[in-house]
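Structure, as structure tokens:
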Amino acid sequence: MAVGGLRAGIEPFIEQLAAPTAVPGGGSAAAASAAMAAGLAGMVASMSRGKKAYAQFEVQLSEANARLDVPAR
């Protein structure tokens, strides 16, 4: 089995998940999905900050960026 998990790349990771082995398993897939969801949430919060249409949500967007550890832009 190849080592490196998701750091080795998405295709090798998916191949590892499909292999008839115990690891990586559901926990690794869930963690990868959660990390990607957090990354996308951070992207949306960062891109929305400073936009006139979302001015009323500036505080919430800033708080979301802080929780998601997204650098201010």
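Below, the figures for the structure above:
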item: With all protein chains modelled, accessible area of Ser33 [1.4 Å, Å²]; result: 70 Å²
item: Relative contact order computed over the chain (Cα-Cα under 8 Å; 6+ residues apart), in percent; result: 21 percent
item: Length gained when the stretch Arg7-Ala37 is fully extended (0.36 nm per residue, less Cα-Cα span); result: 9.1 nm
item: In Å, descending, principal axis extents of the Cα set of segment 5-44; result: 37, 17, 12
item: Where labels lie 7 Å past Cα in the beta-carbon direction, separation of Ala53 and Val23 in nm; result: 4.6 nm
item: For the chain: Kirkwood Rh in Å [reciprocal of mean 1/r, alpha carbons]; result: 14.2 Å
item: Positive-end residue, the chain charge dipole about Cα centroid, Cβ charges, pick of Gly5, Gln56, Gly26; result: Gln56
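The values are calculated or read from the model by the stated rules, or taken from the named source; none is laboratory data. If you're wondering where the values come from, they're calculated on a predicted model, not measured in any experiment. Don't worry about glycine lacking a Cβ; one is built from the backbone with ideal geometry, like all the others, and counts go over all protein chains shown. Accessible surface areas use protein heavy atoms only, side chains included; no ligands, DNA or RNA. Shrake-Rupley method; radii C 1.70, N 1.55, O 1.52, S 1.80 Å.
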